[in-house]
Each structure stands twice: as structure tokens, then as C-alpha cells.
Amino acid sequence: MISMTAQPGSLRINVPVITGKTIKIVFQDDDEHSGLSELSLGDPNLASGLSNFSSMSCQRFITTGDSKDLERGLRFGLAAISAFPKGSPFLPFALSNISKAYGTRYEKTGNLNDFEAMVRYEQEAVALIPLGHPFLPSLCYDLSTSYGSLFARTGNILDVDFMLRYMLASVAASPKEHPDLPKFYQDLPITYSKRYKRTGNVEDLEAALKYGLIAMAAIQERGPRLIALQTNIAVFYYEWYNQTGNLLDLELALKYALEAVNSTPEGVHPWPDQYQNLALFYKTRFRRTGDQQNLQTALEYGLKAISMYSEGHPSLPSHYCELAEIYKDKFRMFGNLPDLENALQYDLAAVNATPEGHPDQADQWQNLAKSYNYRYKRTGNFEDLDAALKYGLAAVMATPEDHPGLPGRQSDLAVTYRDKYIRSKEVDNLKAALKYSLAALAAIPDGHPSLSNLHHDLGIYYSDMFDKYKDQLDLDTALKHTLLSVTTTPEGHPEISFRYYTLSITYKIRYHSNGDAQDSEAALKYCLAAVTTSPDGHPDRPIKQAILAENYLDRVRLRGKGNNQEDANSALQQYQLALQSVTTSPQHIWKVARNFVRNVDIFESSHILQAYDIALKVLPSVLWLGNSLGVRHDILVRYNVSEFISMAVVTALEASDIRLAVEYLEQGLATTYQQMLQLKVKNGNLEAELPSLSKKLHVLSAQLQGTTQSFNPSVNFHLLAHERLQLISEIREHPGFEDFLMPPRYSNLCLAAKDGPVIMLNYTNGRADAIIILTPFANPIHLLLSEVTATAVEEQMKQLSMALRQFHINSREIRHGRPMPGKSNIPADRILNSVTSWIWRTIVEPVFDILNKNDINGGRLWWCPSGPFTYLPLHSAAPIDSKFIQSYTSTLDTLIQASSRHAISHAHETLTVVGVMKLSVDQMIQAELPYVGVEINNVASQFGINAKKLCDSQATIKNVVKEMQLSPWLHIASHGVQDPQDPLHSGLILYDGRLELSTVLNLSLPNAKFVYLSACETAMGDEKLKNEAMHLAGGFLTAGFQGAIGTLWSIPDAYGPKVAEVVYQTILGENYIPDVKMVAMGLHLAIQRLRREGAPHHQWMPFIHFGV
């Protein structure tokens, strides 16, 4: 046997050299002293010597990290195994040593082949060592640990079985006095716990708890072993709580976890995992009880756990994930977006800190997918939903089929697919949700705690299938799963309330399908259970209360209101409680109010109006500024906001509250434009009284103005919007600013009529109403437009479209429309004449009659239309000799803001005239506009030396933007394009590209007065968003202009110069001082001239005026 005095860490051993029958081994220490050992091939100590050299080389690798030492150790070890004779008592130890060497290399490289070699040699060592041998327990323990590591990597059930088998063998082979027996007993319950997590077998959890308590009872004094056992027992009780829902088990988990922390010696920090467990347990107690202090305590412990690690520590990702879960709970509880952003950032940090191919990577992706899905549900942002789907799919695809985590990942992915189905209505997404959920169910054994959740989700998916296809089998299957979700959830379990709720919904669906009163009673019963088992203040409680109200109403309608006032009162109470919630999301409040107001046949109008009030107060939060404009527009369509507000207007009118009707209608008009206007408008009072808050608000608004109009990935506009919202709340706490940036009251809105009457038009469900604001001082007048029926409106819209198609205007792409054959045999001009006659008879004439009766026989008036009225050319219906000068405004506030800009006119004001006859070769639109030259020359000549022309190659985006910021007056003659998919990309085609609406809105235009948009499509909105009026003319007003002329559709190129000539003659007047308030008169005179000259309808109807 070779004996060496040098320390293993200071010794370098070179490759053995075999010469004849001798093995020469050269070694060298750190002092460069070298030596030579020779072993004869027949030497009985050869195998042991090689085994010793193997161990020394591996030990040196641990000290130095030099992989050459590890490779030498492996070669010596393999040589030693070959050199031991069969049956040698030393062979098991050599096998154990080479096993450890392979294990060391596996830790370095992650190569599964090394891991398998480690386990193989350990198995051989255990098989060769005789029973009763003192080293057998340790070898069995090592083999159990190796299988545990293999199980953590693969999730294979056989590996966890082998792990438990060898751990039990290590205990069985140990005499009572064995020094490692306490360690074996300490790890045995952990082994049972791992198998429980894999199989869900309650017996394994019972065994884990049993052996953990036995091991702890055997410890006589405090120390690391006691702390470890207390920590583990706390985890076992927590798992038992998840199985039973018994709150006592959760309290015991907290008790042992706190004892573990308190058992830590003074001056020694507890382990980070101990803090992490406490964070988990307190978070769970919050979810069970709703006590907010538990959530705060959980957050404190979670942050403590992370603070104990240095950056890059391999345990950090799992702690990041747990902290993210706590922040998600905070978000669900309070609705504060920064909490959700924190959750997302911690989940992203976990993903970024996890190496590619790491066993936990799929878990991190799963958590990140959840965070994106939460944010999608809060903001409605499509990109978040796509990200959730991307990471959820990645998590599933990266998980082996037999991995215990696969069913949970499949279940989460199914939820995301269902969310996409709800958004897109594409049934393939619903089918994908069913596919993954059924796959998860098939992989879960009976009795597993996650079974109830899977049944719950499947009940929802099959209900959706029934809603899609009306197949009774789908509804029966849905009911089967929702019943199972309830029966497999213990009473007191934190999810039992939601299980009751979903079961109630399923019975409610079946009741409405078959009319069976027993289903109605079952729906009411389970919804009552859902509400009573939901903690006060829980954000989901209002949703359940609203459904409970609907169940009461089902019974009211079944029995008759007169026979069941008690249920009607109960329904009203539940609705009101739901609407008063401060913990649920604005979207939920909106949906509750939407359902409430549908019951006008049950509730008094005063209660209905209260619901409308609440809904409209949360509308700005539903259409949250932190979302992109596209998302907000999508919400307007999906939530059918315009129809909801139109119904609110009708309800207010029926209650004879015309002023309230005006306030409601104003809130539903150009909602997103009004939000943009809020970002631009300064408040003088705020600036004077609260200058620091005013400055902060201005900075935040400026930042948001940029992010809402052009995406900047470096800016978190969600947090910007939240910060601005918090600041506005702070401002409202100051005396005199209680209504700061709140929807304006009628006392302010009526100021829109200071220069002439404003007529607001509302339409819903075949009913049309006009509200006439005569002056700021007169009471508003309500006029029911009884002849404007649903059938009539549909027919007139159809006729208008047909006429425009005959003039090739339906495409709305060209400025020089030419008559084209249409499907109607009636000439287009006759159709347009018929449409305008109908508008006159049913809308305009009745309004003018009211004005005449109030001694208003001419002068300025403004149309403020909504719904289908936005597409009707109201201004074109009056007789040619009408004395009313008609304009439009998107909202009352837009007109008030435009009128409040008191810029003084003088003779030296400049006009910038932009004309684009030809485009650069890069432009998509190539049609020339030959009359543009005539038009811009005529306009420029009227302004004389104060006019600046930018023609063709000079009319670049940069030059035009520069002049817009300098000139009060702007005239642009070019092509115009309306983008219905993204209105902010609508724009004017200049020489080198498109001047987009987003660019215009982002400009500061302190001098702006009037813009003449002599281009097609500049006053045309989006068909899906009629109330938004997101067109170029309205955009220029929002940007700061007081007035604008635009067009509803393509205009004949030759008529542009004729209209412009009269308009500017009128603006300048005899003294050549331009007056913005004369623009509408100029257009009125120009149109009268065209009509007297016999111009066909489609050539003069498109021109309209906005603003003062």
C-alpha cells in the first residue's frame, strides 16, 4: 500500500506509464519537488494504490477546479476496478469512489451519461457489500440521494420509488448506535414527501409527517438538525392543509416554521428557505382568510429571503418566483398595477437567471406565462396574451411526458387558450383548451389534490362548447365536471367558493336552456354558498354577488314580480353591494353595471341611473391610458360602450333629467380623443395654487402623450399611467380640486352653446333623440325623433353607400371620384337627394322648428352626432337658402376648448400653403392632382406676402411640421388616407411620406388657429367606432387648432380651388385681417355657390366644418 505525506490539494499526479510489468506514477507537489512511485503489475496492493490515487486526484480537483485532475481520477478509478480480483472486499469501496468521481463530473458538465454511470457504480457497490457491513447504510443512503437527484431531473416515478427503497434500506441496515441514523431518519420523511408530490398518494404524506415527528422527538437539544426537521415538518403540514383545507394544519405549518426560525442561534441568520416558507405560508393564510396583514408579512419574508443571496446564486430563481406570486396576490387584492409589474419583473428575472436546459426552466416559463396572462386580463393588451401563450407552450413542450409538473402546465396553458378563445371567438382555441385540460386530467391519479381544479376548468370549457354549438351533451358534461369539482374540494378549502360559483353558473345556463325551475333553484343555492364562503373584501366577491342577483331575478321572472318582491329586493341589494366594492377591478364593475341596467322592467329608474353613474365613473379606468390606443378601441367595441351610453342617455331622458343625459352622452363621445386632450390641456388654477403637482402632472402627461401615440419599448407606459392616476387622486384631495379632471357637469358643458345652439343626437335600439342646447342659460330641450326608426336608418345608410359606390367613392382612396356603374337603376344623384330629403324631414326640420319657436332663425349652430348619425351628412339637408351656418363638433368639450383659445388676429398673420401634385417615386399612391397648383396659388395670392408655399419636393414632413408650429393658418392640398385599423396612422400624403395623425397630436401648436384639409377622407371616422370620430380634422382640433375644414369622402379635384377661394375671401374680409370665426360662414357661402351652379350632391356634400 502506498503512503504519501503530501496533502491531496498540493499534489499533482501525472498519467501512469506502463513499462513491462511496472506502472510508473510521477507526482509533483507545489514546491516543485517531484517523486516517482512504481507498482508491479502483480503487486497485491496495485488495485488499492490505484484507487487511492483516484481519490487523491478527485480531491485535488475539488480544491483547484482543474479538470485534468478529475479526468486522471476517473482513469485511475477505472483501472483500480479492473485490477481488483473478483470477490475482493475492497471492490465495493472502489466502486463507490468511482461513482463519486462520475458524480463530481456530472455536477460540472450536467452530462446525463455521467449521472447514469454514477448510479450504476453505486448500485454495483451496494449489491456487493454484505448485509451487516458497517458501511452498507451509508452506501444505501448515497444511492437514495442519487436517485433523488435523477428524479428531480426526469420526474420519472420509478426514480422516486428507488429513492425511497434505498432510503428505507439505509434505515433498516443501521444499528441503533449508528452515527448517521439520525440523518437517515431526518431525510426519510423528505423522501416520502417527494413521492407524495409526484403521486398525490396521501399515505406518503402521512408517512412523511409520521417519520418527521419521530425524528424530531428523538432530538434532545437545539441545533441544525432540529431546525431542519422543524422546517420540513412545517412543509408537511402545509401540504396536508392543501389536501384537507383544514385551517388548523396551516396554523401548525406556521407554528413549526416560526419555531425553526426562532431556534436559530443568536447571531446566526436563518436559512433563506426558512424565510421563503414563511412567505409561502402567510401568503396562503391571506388567500384563505383575506387578512391583508398576512399578505404584507408574506412580502416582508419573501424580500428577506432574496436579500440573503448574492447575485447569481442558483437558488435565487425559485425565490424570485415565490415573490412574484405574492405580488400577484397584492395586485388581485388591490388592483395596483405596480404590483403586477413587480410580479412580471421577478418572473422575468427568474427566467433570465435560469440556465438553458435547467430542470426548473419549464417551471419559470409557466410562472412567467401566468404573469403575462394576469396583465392581459388587466389591460387587454394582445401582446401580453400572445406572450402568455408563447411561454405557456414552451413550458409544456419542455416537460417530459411522465414529469409530475406536466399536468399543471397543461392546465395553465388550457386557461390561456380559453382566454384567447374569449377574445378571438376562434373555436380552435377552445378546442386546444379542452385538449390540454383533458390531457392533464388523464395524467392525474385519483385522489390527487389538483383534480378538483381540473374538473372545474373542464366544466367551464364544456359550457363554452355548449354556448358555441348548443349540443346538450356538452352542457351535461360541463355539469358533471363542475359537480365533481365541488365534491372533490373539502369544505373550508380556499377554492370552494369559486367551485360553488362555477357550479351555479352551469345550472343557470341549463335553466335558461330548458326552463327547468329545479335548475334555477340549484343555481341560486350554489351561488348563495359561493357568496357566503367568499371573504369580505375579496376582489372576486362582487362578481359572485352580481350572479346571485341574476339568480334572484330568474326566480322573480319565473314567479312574477308582483308575487315575489322579496327576491327583487334581494337582487337589488346584491347588485348594489357589488357596485360598491372597492377591491374588484374597473372591468368587473362595468360588467356588473351593464347587467344591472338591463333590468329596467324590475328596478326603479333611480336605481338604474345610479348604476349608470358608477359605470361611467370607472369608464376612464376601463379605457385606461396605460393601454395602447388599439387596445382601448378594442375595449370600446368588445364592451359595446357606445350602446351602453346611448341606453344611459335614454334612461336619463325618460326620467326627465335632460342635463344628466347631456353629461352621459358627452362621456361617450370621442372618449379616446378626450383622453388625449387631457394630456395636452394645462390647468391655470392648478399651476397657480399647486405648482409642484402641476409641474409633475405636466411631465407625466407629456411622457404619456408620446407613449400612447408611438410605442417606445424602453418606457413602461403602464407604470406611467398608474403614476399619473395616483397623482390626480392626490390633487383631488386638495380643497377646490375635488372634481379635477372629472367628467364635466352640465354647468360647464352648456358653455359650448355660447355662440349658437348645439344639437346632440343619440340613437339606440331604433330610438332617436335630439337634445338641443339653445344657450348656456336656457334649459336644454329634448326632442324625440319619432320617424327615425331602426328600419329607416338602415335603409338610408344602405342608400347612401349605394350612391357613393356609383361615384367610385366606396373605396375612399382617391380624390378625383368619377361616376361608375352601380347596382341600382336609380341615378346616384337622385339617391343622394332622397337621402338628404329624409334627413331634412325626420331630423333637421324638426330641430329647426324648435329653434324657430325659440326665436332662433339663423346664424351658427353645431351638430354633435353619435352612433349612425356620425355617418349622415346632416349639414346637406337644409334648403339652399337656409340662414343657419352649420358646423360639427366631436364633443362639447372640444368646442369649448377651441373657443377658449383667445388669440388676437392681426393683419400680419402667416399662412402656410402646402401643395402636393406629384409624389416621390417611393410613394405608394401615384395619382397626380393637377388642380392643386391652381388651388395653392389662389390661396397664397389672397394672403399675399404673408403666405408661404411648400410645393411638391418642398412639402416634406419635416418642413410641414416646422411651419405648423409657426403659422397660425395652414392649408394642405394633397391626398389623404384614413387607416381604419389604426386611426393614428391616418394622415396626409406629403412628398416624402405620410404625415400621420400621431405626429400631429404630439406637436405643441401654441399659434394654431385654422387648418384647411383639402384632401379626401379627412373627416371620416371608423365604422366600428362611430362615436370616436378619430379622423384627421378632429385630430387637428385636438392638437390645438380652433377650426378645421375636412371632407367626408373623396372629392373632385377641380372643386377644391372653388371652395377654397370663397372660404378665404370670407375669412379675410374687407380689411384683410383673418378671422377664424368666419371660416364656417365662408364654407357656407362656398357650398351655396356650388349648389346654385348646379353641382351634383356628391361634389359639395363632403365639405364640412369643425370647431369655432
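The values are calculated or read from the model by the stated rules, or taken from the named source; none is laboratory data. Just so you know, these numbers come straight off a predicted model, no measurement behind them. Please note: Cβ atoms are built from the backbone with ideal geometry, for glycine as well, and neighbour counts cover all protein chains shown. Surface areas here come from the heavy atoms of the whole protein model, side chains and all, with no ligands, DNA or RNA. Shrake-Rupley method; radii C 1.70, N 1.55, O 1.52, S 1.80 Å.
In plain terms, the chain from ASP829 to ASP849 could stretch by 4.5 nm, reckoned as 0.36 nm per residue minus the Cα-Cα distance. Over all other residues within a Cβ to Cβ distance under 13 Å of ASP457, the charged ones net out to -1, with Lys and Arg as +1 and Asp and Glu as -1. Taking 28 Å as the cut-off for C-alpha to C-alpha distance, list the pairs among LYS420/LYS525; LYS108/LYS255; LYS480/LYS544; LYS853/LYS1077 that go past it. LYS420/LYS525; LYS108/LYS255, as the Cα separations exceed 28 Å there. Along the axis of the charge dipole computed for the chain (Cβ charges of +1 for Lys and Arg, -1 for Asp and Glu, origin at the Cα centre), the listed residues TRP838, ILE227, THR502 are led at the positive end by TRP838.
What relative contact order, as a whole-number percentage, does the chain give when Cα pairs under 8 Å and 6 or more residues apart are counted? The partial results should precede the final answer.
Values: 1851 pairs, mean separation 55.7, N = 1108.
Worked out over the chain, it gives 5 percent.
Please report the antiparallel percentage of DSSP beta bridges with both residues in the chain, rounded to the nearest 5. Walk me through the intermediate numbers first.
Details: 37 of 64 bridges.
Given both bridge residues lie in the chain, the antiparallel proportion sits at roughly 60 percent.
Taken about its Cα centre, the chain carries a charge dipole of roughly 1520 debye when the Cβ of each Lys and Arg holds +1 and the Cβ of each Asp and Glu holds -1. Which of the pairs LYS695/LYS958; LYS883/LYS1009; LYS425/LYS470; LYS370/LYS390; LYS425/LYS798; LYS468/LYS508 have their Cα atoms more than 20 Å apart in this structure? LYS695/LYS958; LYS883/LYS1009; LYS425/LYS798, as the Cα separations exceed 20 Å there. Neighbours of ILE839 by Cβ distance under 12 Å: Lys/Arg scored +1, Asp/Glu scored -1, total -1. Taking the average, over residues, of other Cβ atoms within 10 Å as the packing measure, peptides 748-761, 306-319, 610-623 rank 748-761, 610-623, 306-319 from highest down.
In the chain, a dipole from Cβ-located charges (positive for Lys and Arg, negative for Asp and Glu) runs towards its positive end, and of VAL556, MET333, ALA1039 it is ALA1039 whose Cα lies farthest in that direction. Calculated [222 nm] ellipticity per residue, helices only, for the chain: -19000 deg cm²/dmol; basis is -39500 (n - 2.57) per DSSP H run with n ≥ 4, divided by all residues, nearest 500.
I need the shape label for the range 349-400. Rule: rounded when a/c is under 1.5, else prolate if a/b > b/c, else oblate, with a, b, c from the alpha carbon gyration tensor. Here the range 349-400 falls in the prolate category. Taking a cut-off of 20 Å between Cα atoms, list the lysines near LYS176, but don't count ones fewer than 8 places away on the same chain. Cα-Cα hits under 20 Å: LYS210. Dividing the mean sequence gap of close Cα pairs (under 8 Å, 6+ apart) by how many residues the range 462-593 holds gives a relative contact order of 18 percent.
Taken per residue, the accessible surface of the range 225-274 reaches 42 Å², heavy atoms only and a 1.4 Å probe.
Which order, highest average first, do 489-501, 943-955 follow once you tally other Cβ atoms within 10 Å for each residue and take the mean per peptide? Each step should come with its number before you reach the end.
On the way: 489-501: 19.8, 943-955: 17.0.
So the peptides 489-501, 943-955, ranked by packing, come out 489-501, 943-955.
The listed peptides 330-342, 159-171, ordered by packing as a protection proxy, come out as 159-171, 330-342 (highest mean of other Cβ atoms within 10 Å first). Only Lys, Arg, Asp and Glu carry charge here, each on its Cβ (+1 for the first two, -1 for the last two); on that basis the range 43-119 has a dipole of about 60 debye about its Cα centre. A cut-off under 14 angstrom between Cβ atoms defines the neighbours of SER967, and their net charge, with Lys, Arg +1 and Asp, Glu -1, is +2.
Can you work out the accessible area per residue across the range 1051-1108, with the rest of the protein chains kept in place, probe 1.4 Å, in square angstrom?
Values: 2050 Å² over 58 residues.
So the range 1051-1108 comes to 35 Å² accessible per residue, rounded to a whole number.
A simple charge model with +1 on the Cβ of Lys and Arg, -1 on the Cβ of Asp and Glu and nothing else charged puts the dipole of the range 341-465 at about 420 debye relative to its Cα centre. Computed with a 1.4 Å probe over protein heavy atoms only, the accessible area of CYS58 comes to about 20 Å². Taking all protein chains as shown and a probe of 1.4 angstrom, GLU795 keeps an accessible surface of around 70 Å².
Note on exposure: VAL913, VAL486 ranked by accessible area (1.4 Å probe, complete protein assembly) read VAL486, VAL913, with the most exposed listed first. Taking the 1.4 Å solvent-accessible surface of the chain as the whole, the part contributed by carbon and sulfur is 52%.
Need one word for the range 201-314: rounded, prolate or oblate. Basis is the Cα gyration tensor (sqrt eigenvalues a ≥ b ≥ c); a/c below 1.5 gives rounded, then a/b vs b/c decides. Oblate, because a/c is 1.5 or more while a/b does not exceed b/c.
Rolling a 1.4 Å probe over the protein chains gives ASP471 an accessible area of about 70 Å².
Would the range 297-355 count as rounded, prolate or oblate if I go by the C-alpha gyration tensor, calling it rounded below 1.5 in a/c and otherwise prolate when a/b exceeds b/c, oblate otherwise? The shape class here is oblate. Solvent-accessible area per residue in the range 839-898 equals 31 Å², computed with a 1.4 angstrom probe and all protein chains kept.
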